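Undergrad: To start, I am sharing the structure in question, which I have written as structure tokens.
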Number of protein chains: 2
Amino acid sequence: MGWGDLGVFGHPSKETPNLDQMALEGMVLPDFYTANPLCSPSRAALLTGRLPIRNGFYTTNAHARNAYTPQEIVGGIPDSELLLPELLKKTGYRNKIIGKWHLGHRPQYHPLKHGFDEWFGSPNCHFGPYDNKNRPNIPVYKDWEMIGRYYEDFKIDLKTGEANLTQMYLQEALNFIEKQHLNGQPFFLYWAIDATHGPVYASSRFLGTSQRGIYGDAVREIDDSVGKILAYLRHQDIAQNTFVFFTSDNGASLSSGPKEGGCNGPFLCGKHTTFEGGMREPAIAWWPGHIPAGQVSHQLSSVMDLFTTALSLAGLQPPHDRTIDGIDLSPVFLQSRVIDRPIFYYRGNEMMAARVGLYKAHYWTWSNSWAQMEQGVDFCPGQNVSGVTTHEQEEHTKIPLLLHLGRDPGEKYPLSVTSAEYQDAMKIISATVEKHKETLIPGEPQLNMCDLAVMNWSPPGCEKLGKCLTPPPSKPWKCLWTH
Amino acid sequence: MGWGDLGVFGHPSKETPNLDQMALEGMVLPDFYTANPLCSPSRAALLTGRLPIRNGFYTTNAHARNAYTPQEIVGGIPDSELLLPELLKKTGYRNKIIGKWHLGHRPQYHPLKHGFDEWFGSPNCHFGPYDNKNRPNIPVYKDWEMIGRYYEDFKIDLKTGEANLTQMYLQEALNFIEKQHLNGQPFFLYWAIDATHGPVYASSRFLGTSQRGIYGDAVREIDDSVGKILAYLRHQDIAQNTFVFFTSDNGASLSSGPKEGGCNGPFLCGKHTTFEGGMREPAIAWWPGHIPAGQVSHQLSSVMDLFTTALSLAGLQPPHDRTIDGIDLSPVFLQSRVIDRPIFYYRGNEMMAARVGLYKAHYWTWSNSWAQMEQGVDFCPGQNVSGVTTHEQEEHTKIPLLLHLGRDPGEKYPLSVTSAEYQDAMKIISATVEKHKETLIPGEPQLNMCDLAVMNWSPPGCEKLGKCLTPPPSKPWKCLWTH
């Protein structure tokens, strides 16, 4: 989902009344970022509070290319990483993940081995359907075991776009909340639904209801579900005890537009890129009685801050034996403070850009390759900013491209290198970047190696269902990442 | 001001708390349009309820080129046109225009000859400063007479951007409202401020306060002023008797970005063009106790509707002896109804596009000329949609370019001509356009002729101020319109 997909963030269809209401009752953060413009590194950053370059969710196979977690990936979340649910567990929280995990699908990466107590959902995206010979269909887990597979037991009709998954995820969420509430049990719910990812689906009640086509139907279903979850918290009278945060894992994918493409508002490009359209996310913090209603904060903030903030709200400290990139936003939410901090924009193993205040310096620019363009894949359709949306990886490390995101949120007008404004701003940004790079120790890259043998052939529980498949012999190779 | 300049319409700076609050208390219209993407035809359409092609605010000097009302223009609003204040006067309204008139500056076009009872403002844009030899500085009027000139008596500091004009316009508005209220006098206030037009200015209290630079400062000052006007209506206890509508006369000018450029949200291009960025306007209707709070209406609507709606709210009928393009929106505001009607997009003398429902058909495409592009003037900076943002005037009258604005608000993906969707939608649009064209009788074009002799040399009242200037001899010529 993109920054501009919500009514409160300016989508002209204004089809998200529940999220808009959530914003009215809480705090909107228009300057909130993901840690990587692609799903699994973003989710790894959220759960570890650390940049993908530290937690291993990147590749060194190619320069500045994002990598994610398809079925053939060998790696996943290292045991050495401490995840938010692992830490919350220590203070008595019960943790559930509903939806897409995306931090590795091999046994050692199972979410219940990394702090979660319950799981309903899948390890990978709902790509497919596959033939179960060359590739298995993606399993759906309930806790430790597979209970079926996408397209087989969990239907997604690619013709009509109908699937009931978001409704199942909603019901799981409500059931989980109810049970914890009845037990007086503190809980952490990671409601990691995989809509609006392509192939885009919605349940029958929402299909065809949006001005925007099926993508809008999916947005409406998510909006409706969030409304139901918040209403349920109020109904159970635990809203005042429950901190809720809504965001997305990367900017809307524009290359799948218009049929399945979202909206990044006035920002440049989309998913995969380190332009604002790829990295800036819709973000709403909600906690009645604690976060005053109707606020806007221009705090520079990140998915990684949710790690540190959640720990803080639970009365815990972040780990001291490693670098944590997330900061504690509770003073922002509760006392409307603004904390000075930079944003680093990574694409794979490269820091592409850095933001300090309203200034953003691009050290590398790249939209997507000419080869992809020739195949009709375009991450910036209809947008072309000379020298900015480059189709080669262009290096600007000596003389960064500097933009003022206040006057120029669309990243169209690089400042003149000879201006005093450029010199003054770059002095501060350079010092910030230097400090960041000096202390950066990259983690072991987890997304380098692929192997057909590691795919979801025989997930735990497959025997009971008669759904075990035979993997091919192991033949690892260096994964190829095109963008 | 552009569609995307308000927080409620998605600007990331979220610096319009008063307009956002107005939206919360009233109705937002995300599908509201101007009648022409340039100031004076748009304002003529607002006050007459008629397309510029009918009321004369266009040119036949060149094809599909917008024209406006600079000092050297000979024409203006014809006596035969019936303006909103003329009609409201009949039922006892007192009418004031504050700000830019732009419907002609020669004596016969004076707003007090066309229904207004009072005026504080100027006949043209605040361009300048001029030398009073080759061109006179623009006069500022109080009612019938000039009381000074821009840059001379009404300061605009082009270096600092400081000018007190919006504050003066605000004070005039509050004074007018107070006086009418004390007299129990129904009133029509046309608060036609000329900010955020370039050269952009703001008063000292707002200068430097926006993330967005001086353009944002001006937006903040307008926002603050609207807040003060609404608060004053409430304070005087006449809010429930006062219908207020906020909108703009054309999309934000992108060619003056980033320093003085606004934001058109996710829409294509800006001012001067008939893409959505040029034609779609921010729009909020407010009438406490009558328009229910917090509504969004996707009614296709237009500045011309304000003519018919205002008449309706005042218990009057629109004139029956001429075509009125504006419809009565009161059922939309008061009963949340949606009325089926098309939108026609004109550029000068040409109908460039038409919208029916969510479909928009481009019959002609043009962003701006190659000649202008070579001079660095670009109406779609950073945007380039092949076959859509053409730099030649391209005709598609036989096979219109069809877009679905729901799935594709950015006008990036023309539908396939061979698709059933194209055929079905075009059947309806073609019939609508045919009907429109069949009955269209263009008015006498008012913006064809220019003459240095007609400029603001000696406006009424100049003698008292010793500010009369001598016009050159009359040498009329056909005005040149570049876009």
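The values are calculated or read from the model by the stated rules, or taken from the named source; none is laboratory data. Quantities reported herein were computed from a predicted structural model and do not represent experimental measurements. Backbone-built Cβ (ideal geometry, glycine too); neighbour counts: all protein chains shown.
Undergrad: Residue check: is A:Leu182 farther than 17 Å from A:Met168 by Cα, away from chain B (no Cβ under 14 Å) and of a type in the set (A, V, I, L, M)?
TA: Working: farther than 17 Å from A:Met168 by Cα: yes; away from chain B (no Cβ under 14 Å): yes; of a type in the set (A, V, I, L, M): yes.
Considered against the rule, which asks whether it is farther than 17 Å from A:Met168 by Cα, away from chain B (no Cβ under 14 Å) and of a type in the set (A, V, I, L, M), A:Leu182 comes out as yes.
Undergrad: Which residues, counting only those in the stretch B:412-435, are among the charged types (D, E, K, R) and within 13 Å of chain A (Cβ to nearest Cβ)? Don't jump to the end; show me each part of the working.
TA: Step one: list which residues in the stretch B:412-435 are among the charged types (D, E, K, R), which gives B:412, B:421, B:424, B:427, B:434-435.
Listed by number, the residues that qualify are B:Lys412, B:Glu421.
Undergrad: Failed condition for A:Lys14, given (1) more than 15 Å from the chain's Cα centre (by Cα); (2) crowded, with 24+ Cβ neighbours inside 10 Å; (3) within 14 Å of chain B (Cβ to nearest Cβ), with all others met?
TA: Unmet condition: (2).
Undergrad: What are the residues in the stretch B:205-220 that are in a loop (DSSP other than H, G, I, E, B) and in contact (Cβ under 8 Å) with a residue 60 or more places away in the chain, if any? Steps first, answer last, please.
TA: Within the stretch B:205-220, the subset in a loop (DSSP other than H, G, I, E, B) is B:205-213.
The answer is B:Ser210, B:Gln211, B:Arg212.
Undergrad: Something else now. Within the bounds of the stretch A:244-264, is there any residue that is within 22 Å of the chain's Cα centre (by Cα) and over 30 Å from B:Gly262 (Cα atoms)?
TA: Pass one, the stretch A:244-264, residues within 22 Å of the chain's Cα centre (by Cα): A:244-264.
Cutting the leftovers down to over 30 Å from B:Gly262 (Cα atoms) gives us A:244-245.
Yes - at least one qualifying residue is present in the stretch A:244-264.
Undergrad: I'd like to know if the stretch A:325-344 contains one or more residues that are of a type in the set (Phe, Trp, Tyr), out of contact with any Gly (no Cβ under 7 Å at 6 or more places or on another chain) and within 25 Å of A:Gly277 (Cβ to Cβ).
TA: yes
Undergrad: When A:Lys100 is evaluated against the numbered criteria (1) under 22 Å from A:Ile324 (Cβ atoms); (2) touching a helix residue (DSSP H, G or I) at 6+ places or on another chain (Cβ under 9 Å); (3) in contact (Cβ under 8 Å) with a residue 60 or more places away in the chain, which criterion, by number, is the only one it fails?
TA: A:Lys100 satisfies all of (1) under 22 Å from A:Ile324 (Cβ atoms); (2) touching a helix residue (DSSP H, G or I) at 6+ places or on another chain (Cβ under 9 Å); (3) in contact (Cβ under 8 Å) with a residue 60 or more places away in the chain except (1).
Undergrad: Residue under question is A:Asn241, and the condition is that it be more than 13 Å from chain B (Cβ to nearest Cβ) and in contact with a helix residue (DSSP H, G or I) (Cβ under 6 Å, 6 or more places away or on another chain); does it hold? Explain how you work it out, then say what you get.
TA: On the way: more than 13 Å from chain B (Cβ to nearest Cβ): yes; in contact with a helix residue (DSSP H, G or I) (Cβ under 6 Å, 6 or more places away or on another chain): no.
No: the conditions fail for A:Asn241.
Undergrad: Conditions first: (1) surrounded by fewer than 24 Cβ atoms within 10 Å (Cβ to Cβ); (2) more than 18 Å from the chain's Cα centre (by Cα). A:Ile98 passes all but one, so which condition is the exception?
TA: Of (1) surrounded by fewer than 24 Cβ atoms within 10 Å (Cβ to Cβ); (2) more than 18 Å from the chain's Cα centre (by Cα), only one is false for A:Ile98: (2).
Undergrad: Pairs under 7 Å by beta carbon, first residue touching a residue at least 24 places away in the same chain (Cβ under 8 Å) in the stretch B:470-483, partner of a type in the set (D, E, K, R) and part of a loop (DSSP other than H, G, I, E, B), six or more apart or different chains?
TA: Listed pairs, sorted by first residue: B:Lys475/B:Asp451; B:Pro476/B:Asp451; B:Trp481/B:Arg65; B:His483/B:Arg65.
Undergrad: Does A:Glu463 meet the test of being outside the structural domain of A:Ala354 (by the TED database), in a helix (DSSP H, G or I), within 30 Å of A:Phe127 (Cα to Cα) and modelled with pLDDT of 95 or more?
TA: Working: outside the structural domain of A:Ala354 (by the TED database): yes; in a helix (DSSP H, G or I): yes; within 30 Å of A:Phe127 (Cα to Cα): yes; modelled with pLDDT of 95 or more: yes.
When the stated conditions are applied, A:Glu463 passes them.
Undergrad: Just one of (1) within 8 Å of chain A (Cβ to nearest Cβ); (2) over 20 Å from the mean Cα position of the chain (by Cα); (3) touching a residue at least 24 places away in the same chain (Cβ under 8 Å); (4) buried (at least 24 other Cβ atoms within 10 Å of the Cβ) trips up B:Gly4, so point out which.
TA: Looking at each condition in turn, B:Gly4 falls short on (2).
Undergrad: Taking the stretch B:28-55 as the search range and keeping residues that are hydrophobic (A, V, I, L, M, F, W, C) and within 11 Å of chain A (Cβ to nearest Cβ), which one is nearest to B:Leu306 (Cα to Cα)?
TA: Of the residues in the stretch B:28-55, the ones hydrophobic (A, V, I, L, M, F, W, C) are B:28-29, B:32, B:35, B:38-39, B:44-47, B:51, B:53.
From what is left, the residues that are within 11 Å of chain A (Cβ to nearest Cβ) are B:28-29, B:32.
Numbers: B:Val28: 15, B:Leu29: 13, B:Phe32: 11 Å.
Ranking the candidates gives B:Phe32 first.
Okay, residues lined up against (1) more than 20 Å from B:Ile193 (Cα to Cα); (2) surrounded by 24 or more Cβ atoms within 10 Å (Cβ to Cβ); (3) among the basic types (Lys, Arg); (4) out of contact with any strand residue (DSSP E or B) (no Cβ under 8 Å at 6 or more places or on another chain):
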| position | (1), (2), (3), (4) |
| --- | --- |
| B:Gln21 | yes, no, no, yes |
| B:Pro37 | no, yes, no, no |
| B:Arg43 | no, yes, yes, no |
| B:Leu51 | yes, yes, no, no |
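Undergrad: May I pose another question? Tally up the residues in the stretch A:451-483 that are of a type in the set (S, T, N, Q) and farther than 13 Å from A:Glu72 by Cα, please. Don't jump to the end; show me each part of the working.
TA: Here is the first cut: in the stretch A:451-483, the residues of a type in the set (S, T, N, Q) are A:456, A:458, A:470, A:474, A:482.
Next, only the ones that are farther than 13 Å from A:Glu72 by Cα stay: A:458, A:470, A:482.
Residues meeting the conditions: 3.
Undergrad: Can you find, within the stretch B:247-284, the residue that is farthest from the other protein chains (Cβ to nearest Cβ) among those that are of a type in the set (A, V, I, L, M) and over 14 Å from B:Leu6 (Cβ atoms)?
TA: Residues of the stretch B:247-284 of a type in the set (A, V, I, L, M): B:252, B:254, B:268, B:279, B:283-284.
Filter once more, keeping what is over 14 Å from B:Leu6 (Cβ atoms): B:254, B:268, B:279.
On the way: B:Leu254: 9, B:Leu268: 7, B:Met279: 13 Å.
For the stretch B:247-284, the residue satisfying everything is B:Met279.
Undergrad: Going by what's in this entry, would B:Ala202 be described as surrounded by fewer than 20 Cβ atoms within 10 Å (Cβ to Cβ) and either farther than 20 Å from B:Met22 by Cβ or of a type in the set (A, V, I, L, M) (or both)?
TA: Details: surrounded by fewer than 20 Cβ atoms within 10 Å (Cβ to Cβ): no; either farther than 20 Å from B:Met22 by Cβ or of a type in the set (A, V, I, L, M) (or both): yes.
No.
Undergrad: Across the stretch B:1-56, what is the number of residues that are small (Gly, Ala, Ser) and more than 30 Å from A:Leu358 (Cβ to Cβ)? Before you say what the answer is, go through the steps one by one.
TA: Quick first cut of the stretch B:1-56, residues small (Gly, Ala, Ser) only: B:2, B:4, B:7, B:10, B:13, B:23, B:26, B:35, B:40, B:42, B:44-45, B:49, B:56.
Narrowing the set further to residues that are more than 30 Å from A:Leu358 (Cβ to Cβ) leaves B:26, B:35, B:40, B:42, B:44-45, B:49, B:56.
Adding up the residues that qualify gives 8.
Undergrad: Can you name the number of the only condition in (1) surrounded by 21 or more Cβ atoms within 10 Å (Cβ to Cβ); (2) within 13 Å of another protein chain (Cβ to nearest Cβ) that B:Met373 fails?
TA: Against the list (1) surrounded by 21 or more Cβ atoms within 10 Å (Cβ to Cβ); (2) within 13 Å of another protein chain (Cβ to nearest Cβ), B:Met373 comes up short only on (1).
Undergrad: For the list (1) in contact with a helix residue (DSSP H, G or I) (Cβ under 8 Å, 6 or more places away or on another chain); (2) buried (at least 24 other Cβ atoms within 10 Å of the Cβ); (3) touching a residue at least 60 places away in the same chain (Cβ under 8 Å); (4) more than 14 Å from chain B (Cβ to nearest Cβ), I need the number of the one condition that A:Leu82 fails.
TA: So A:Leu82 meets the others, but not (2).
Undergrad: Oh, and also: Could we say that B:Ala195 is small (Gly, Ala, Ser), without any contact (Cβ under 8 Å) to a residue 12 or more places away in the chain and on the phi < 0 side of the Ramachandran plot here?
TA: On the way: small (Gly, Ala, Ser): yes; without any contact (Cβ under 8 Å) to a residue 12 or more places away in the chain: no; on the phi < 0 side of the Ramachandran plot: yes.
When the stated conditions are applied, B:Ala195 does not pass them.
Undergrad: Just for the stretch A:175-204: of the residues that are part of a loop (DSSP other than H, G, I, E, B), touching a helix residue (DSSP H, G or I) at 6+ places or on another chain (Cβ under 7 Å) and of a type outside the set (A, V, I, L, M), which one is farthest from A:Leu46 (Cα to Cα)? Even if it seems obvious, please write down each step before you answer.
TA: Taking the stretch A:175-204 first, the residues part of a loop (DSSP other than H, G, I, E, B) are A:183-186, A:193-201, A:203-204.
When the remaining residues are screened for being touching a helix residue (DSSP H, G or I) at 6+ places or on another chain (Cβ under 7 Å), the result is A:193, A:195-196, A:200-201, A:203.
From the residues that got through so far, the ones that are of a type outside the set (A, V, I, L, M) too are A:196, A:201, A:203.
Working: A:Thr196: 19, A:Tyr201: 25, A:Ser203: 28 Å.
Going through the qualifying residues, I end up with A:Ser203.
Undergrad: Which one is nearest to A:Ala64 (Cα to Cα) among residues in the stretch A:385-411 that are within 12 Å of chain B (Cβ to nearest Cβ) and surrounded by fewer than 21 Cβ atoms within 10 Å (Cβ to Cβ)? Before the answer, list the steps.
TA: Taking the stretch A:385-411 first, the residues within 12 Å of chain B (Cβ to nearest Cβ) are A:385-389, A:403-411.
Still in the list and also surrounded by fewer than 21 Cβ atoms within 10 Å (Cβ to Cβ): A:386-387, A:406.
On the way: A:Ser386: 20, A:Gly387: 18, A:Gly406: 27 Å.
Among those residues, the one meeting the criterion is A:Gly387.
Undergrad: Would you please name the residue that is nearest to B:Asp325 (Cα to Cα), looking only at residues in the stretch B:412-444 that are hydroxyl-bearing (Ser, Thr, Tyr) and surrounded by 13 or more Cβ atoms within 10 Å (Cβ to Cβ)? Let's see the steps before the verdict.
TA: Within the stretch B:412-444, the subset hydroxyl-bearing (Ser, Thr, Tyr) is B:413, B:416, B:418-419, B:422, B:430, B:432, B:439.
Those left that are additionally surrounded by 13 or more Cβ atoms within 10 Å (Cβ to Cβ): B:413, B:422, B:430, B:432.
Numbers: B:Tyr413: 30, B:Tyr422: 27, B:Ser430: 18, B:Thr432: 14 Å.
The residue in question is B:Thr432.
Undergrad: Provide a single number: the residues in the stretch B:237-264 that are in a loop (DSSP other than H, G, I, E, B), farther than 21 Å from B:Arg347 by Cβ and at pLDDT 95 or above.
TA: 5
Undergrad: Still on this structure, I have one more. So in the stretch A:17-27, with the set limited to residues that are of a type outside the set (Gly, Ala, Ser) and within 21 Å of A:Glu276 (Cβ to Cβ), which one is nearest to the other protein chains (Cβ to nearest Cβ)?
TA: Pass one, the stretch A:17-27, residues of a type outside the set (Gly, Ala, Ser): A:17-22, A:24-25, A:27.
The next check asks that each one be within 21 Å of A:Glu276 (Cβ to Cβ); those that pass are A:19, A:27.
Values: A:Leu19: 13, A:Met27: 11 Å.
For the stretch A:17-27, the residue satisfying everything is A:Met27.
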